[in-house]
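Student: Dropping the structure in here first, questions after.
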Amino acid sequence: MSDQSSGQIANVLNETRRFPPSDAFRQNALISSFADYERLYHESVSDIEGFWQREAREHLHWFTPFDKTLEWDVPYAKWFLGGTTNVSYNCLDAHIHAGRGDRVAFFWEGEPGDRRVLTYRQVYDEVCKFANGLKKLGIRKGDRVSIYMPMVPELPIAMLACARIGAIHSVVFGGFSAEAISDRNNDAQASLVITADGGWRRGKDLKLKETVDEALKKSPTVKHCVVLNRTNNNAPMQCGRDHWWHELVANEATECAPEVMDSEDTLFILYTSGSTGKPKGIRHTTAGYNLYAKRTFQWVFDHKESDIFWCTADCGWITGHSYIVYGPMSAGATQVLYEGAPNWPAEDRFWEIIERYKVTILYTAPTAIRAFIKWGDEHVEKHDLSSLRLLGSVGEGINPEAWMWYYEKIGGGRCPIVDTWWQTETGGIMMSPLPGAVDCKPGSCTRPLPGIVPVALDDHHREVGEQQGGMLCIAKPWPGMLRGIWGDDARYVEQYWKRVPNHYLTGDNARKDEDGYYWIMGRIDDVINVSGHRLSTIEVESALVSHPAVAEAAAVGRPDEIKGQAIAVFVTLRNQEPNESLKDALKKHVRKEIGALAVPDDIRFTAVLPKTRSGKIMRRLLRDIAAGKEGTGDTSTLEDFSVLAKLRGDEES
Ligand code: PRX
């Protein structure tokens with residue numbers, strides 16, 4: 001374990017504060033006492049199949065009912081076998097049939113201040129029109145469609161249109177580079193890309209279509225590209241390949257029969273970083289994922305018809321998939337959707353939005369909370385946030401100081417905070433307080449949700465004792481779990497199921513306290529978490545080494561006040577003297593290879609990297625150096641001791 005994570009442990013170990021929900025919150029909560037939570041939890045885990053069978057029957061619409069709840073052939077799970085449904089039906093048609101078509105689905109706000117309100121009926125119409133448009137371009141069930149868009153309503157509409165016709169979407173976050181898009185297009189063998197001419201971010205038009213054009217030069221499987229006109233920037237259109245969204249849908253009907261999908265048909269793939277270089281396409285399927293996203297949304301956010309829910313994530317991440325599109329929309333929630341940056345045109349944009357739409361539930365990330373703290377309380381104090389009743393946090397651990405600020409300044413001391421632990425692979429939230437039932441402790445994701453059996457294990461696969469850290473595993477299958485890695489079954493087995501037999505390995509360390517609360521203690525692998533987003537050190541290193549000047553590179557995370565972790569890299573050069581302009585060139589190179597979020601914050605040139613005698617880079621030492629800590633760790637396996645001194649003295653080179 002790194003010193004960095006033990007630092008976090010020391011910090012949270014002192015944390016003994018407890019925050020029960022207020023009586024007012026509890027009285028209206030769906031699950032309103034700890035005893036009710038415990039009863040539900042025990043009932044769920046004592047008969048996992050029976051529990052999910054009831055849930056699935058009650059909470060999804062089935063075209064054909066399923067006849068078998070679970071087939072568990074480790075590590076391959078199949079849920080709700082024999083059943084057929086359609087996720088877009090559950091998100092749209094179900095509400096219209098229930099007479100709730102006029103409910104607002106989205107209050108959308110663009111960064112420049114433009115606004116749109118869309119009801120479920122209107123979203124339905126747009127989804128059907130676009131689904132028909134996709135069909136016209138030859139897209140059929142099972143085809144892969146990449147989506148690279150800004151946060152406009154057409155992004156969820158595009159996802160739901162794919163779901164409607166059974167096409168498998170792969171959403172690529174709008175900050176990724178052309179290289180990253182073409183890698184994903186090629187891995188998924190995508191036949192179509194949906195994008196926009198641009199999107200607004202801090203007043204600038206990000207020209208997404210230009211990036212896609214670059215990517216398409218290296219994406220031989222892509223035959224068509226649909227372009228939404230968002231910023232009107234005269235994007236070049238290639239005749240025959242490119243189609244304007246508005247022209248594509250102009251004459252399409254507002255009805256499109258939903259494709260009948262088997263429970264285990266793939267709904268989407270979403271690429272995420274692992275501990276090796278190549279991003280992996282996490283594969284989620286139809287019924288299990290849909291049920292899990294819906295129910296976890298309802299449980300964790302204590303969702304009521306009267307709520308206005310705002311998840312500030314981008315649909316390009318799993319949080320946007322599960323808690324903007326599939327969970328909340330299956331539950332018929334009314335949501336706020338915002339396109340741009342939290343500090344545009346000023347640092348109070350989020351608070352202004354909350355006041356305008358009377359948001360009741362806010363779900364955001366610790367990195368944003370730390371930025372708000374830095375920007376100052378005055379931006380918050382300008383606005384009336386009394387509509388808020390519940391707050392959520394996701395993406396990384398929230399440190400107790402940030403938790404307290406969120407609780408007091410944003411929640412006015414009256415809103416529980418759901419610190420939700422989960423992963424792209426888990427499909428939905430796995431651990432979180434149920435806000436009316438489980439007291440919060442700042443920095444702890446508290447308890448598992450119904451049906452989830454976490455366990456922290458030592459290297460001998462024995463459960464660790466109270467307050468001891470261990471590898472966090474999940475002992476039983478759950479409906480939202482990933483079904484595999486697209487096109488790489490060996491990696492699926494290797495990554496998640498090999499180290500501990502019969503258990504899903506999360507890659508996180510965790511400990512359990514005397515109350516049975518879980519505390520996440522950081523990663524066990526070489527994954528870094530920058531602003532709540534996963535990057536593998538090897539991805540950054542591979543990008544650097546692909547630059548002609550670089551011989552070898554090592555990337556590590558170092559603590560950062562706002563981003564959680566920043567990226568520090570140590571680089572050895574081929575026959576070249578280091579200089580400042582090379583640093584800029586390397587940053588640009590990484591931006592081009594992966595995207596802005598992987599650009600290193602610190603670059604240090606070094607003649608050699610510290611290695612073990614077997615040639616492994618000693619990242620622990622590099623982490624200490626990057627964090628400005630004198631290396632206190634064990635250096636007995638270090639090959640060349642002089643390297644360390646050189647590295648420490650090398651700060652400004
Ligand atoms: O290390 C954990 C951290 O983020 C990882 C999952 O990243 P990703 O798949 O990108 O999904 C992020 C959004 C669900 C986890 O393995 N993580 C996420 N949420 C928390 C967290 N660490 C501590 N506390 C959390 N609440």
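The values are calculated or read from the model by the stated rules, or taken from the named source; none is laboratory data. This structure is a prediction, so every number in the text was calculated from the model and none was measured. Backbone-built Cβ (ideal geometry, glycine too); neighbour counts: all protein chains shown.
Student: Which numbered condition in (1) at pLDDT below 95; (2) in a loop (DSSP other than H, G, I, E, B); (3) not β-branched (Val, Ile, Thr) is the only one that Pro345 fails?
Tutor: If we test Pro345 against (1) at pLDDT below 95; (2) in a loop (DSSP other than H, G, I, E, B); (3) not β-branched (Val, Ile, Thr), just (1) comes out false.
Student: In segment 21-61, which residue that is in a loop (DSSP other than H, G, I, E, B) and touching a helix residue (DSSP H, G or I) at 6+ places or on another chain (Cβ under 8 Å) is farthest from Asp515 (Cα to Cα)? Reasoning before the result, please.
Tutor: Let us first name the residues in segment 21-61 that are in a loop (DSSP other than H, G, I, E, B), namely 21-22, 29-33, 47, 60-61.
From what's left, touching a helix residue (DSSP H, G or I) at 6+ places or on another chain (Cβ under 8 Å): 30-33, 60-61.
Values: Leu30: 23, Ile31: 19, Ser32: 19, Ser33: 16, Leu60: 34, His61: 38 Å.
Here the answer is His61.
Student: So which residues in segment 424-446 are in contact with a strand residue (DSSP E or B) (Cβ under 7 Å, 6 or more places away or on another chain), part of a loop (DSSP other than H, G, I, E, B) and within 10 Å of the ligand (Cβ to nearest atom)? Break it down stepwise before answering.
Tutor: Step one: filter segment 424-446 for residues in contact with a strand residue (DSSP E or B) (Cβ under 7 Å, 6 or more places away or on another chain), giving 424-425, 427, 429-433, 435, 438-440, 443-446.
Among the residues that remain, those that are also part of a loop (DSSP other than H, G, I, E, B) are: 427, 429-430, 432-433, 435, 438-439, 443-445.
Those that are in contact with a strand residue (DSSP E or B) (Cβ under 7 Å, 6 or more places away or on another chain), part of a loop (DSSP other than H, G, I, E, B) and within 10 Å of the ligand (Cβ to nearest atom): Gly427, Ile429, Met430, Ser432, Gly443, Ser444, Cys445.
Student: Still on this structure, please answer the following. What single numbered condition from (1) without any contact (Cβ under 8 Å) to a residue 60 or more places away in the chain; (2) assigned to a loop (DSSP other than H, G, I, E, B) fails to hold for Ile625?
Tutor: Status for Ile625: all satisfied but (2).
Student: List, please: which pairs have Cβ atoms under 8 Å, are six or more places apart or on different chains, and start with a residue in segment 399-423 that is part of a helix (DSSP H, G or I) and end with one that is within 10 Å of the ligand (Cβ to nearest atom)?
Tutor: Short answer, once both residue conditions are applied: Pro400/Gly443; Ala402/Pro366; Trp403/Ser393; Trp403/Asp419; Trp403/Gly443; Tyr406/Ser393; Tyr406/Ile398.
Student: Here are Ala475, Ala543, Ala510, Ala490: which of them is of a type in the set (A, V, I, L, M, F, W, C), within 16 Å of the ligand (Cβ to nearest atom) and farther than 26 Å from Leu30 by Cα? Lay out the reasoning, then the answer.
Tutor: Details: Ala475 fails: within 16 Å of the ligand (Cβ to nearest atom); Ala543 fails: within 16 Å of the ligand (Cβ to nearest atom); Ala490 fails: within 16 Å of the ligand (Cβ to nearest atom).
Answer to the selection: Ala510.
Student: Hey, any hits in segment 276-284 for a residue that's closer than 22 Å to Cys162 by Cβ and assigned by TED's automatic domain parsing to the domain that holds Ser432?
Tutor: Applying the first criterion (closer than 22 Å to Cys162 by Cβ) to segment 276-284 yields 279-284.
Checking the rest, the ones that are also assigned by TED's automatic domain parsing to the domain that holds Ser432 come to none.
Looking through segment 276-284, none of the residues is closer than 22 Å to Cys162 by Cβ and assigned by TED's automatic domain parsing to the domain that holds Ser432.
Student: Among the residues of segment 215-247, which ones are surrounded by fewer than 21 Cβ atoms within 10 Å (Cβ to Cβ) and in contact with a helix residue (DSSP H, G or I) (Cβ under 6 Å, 6 or more places away or on another chain)?
Tutor: Lys218
Student: For segment 136-214, list the strands (runs of 3 or more DSSP E) that sit wholly inside it and hold at least 2 residues that are touching a helix residue (DSSP H, G or I) at 6+ places or on another chain (Cβ under 9 Å); which are they?
Tutor: Numbers: elements: 144-148, 168-171, 192-196, 199-201, 204-206.
Of the strands (runs of 3 or more DSSP E) lying wholly inside segment 136-214, those with at least 2 residues that are touching a helix residue (DSSP H, G or I) at 6+ places or on another chain (Cβ under 9 Å) span 144-148, 168-171, 192-196.
Student: Scanning for something away from the ligand (no atom under 16 Å from the Cβ), touching a Pro at 6+ places or on another chain (Cβ under 9 Å) and of a type in the set (D, E, K, R), does segment 301-320 turn up at least one residue? Don't jump to the end; show me each part of the working.
Tutor: Residues of segment 301-320 away from the ligand (no atom under 16 Å from the Cβ): 302-310.
Checking the rest, the ones that are also touching a Pro at 6+ places or on another chain (Cβ under 9 Å) come to 302-303, 309.
Next, only the ones that are of a type in the set (D, E, K, R) stay: 302.
Yes: segment 301-320 contains one or more residues that are away from the ligand (no atom under 16 Å from the Cβ), touching a Pro at 6+ places or on another chain (Cβ under 9 Å) and of a type in the set (D, E, K, R).
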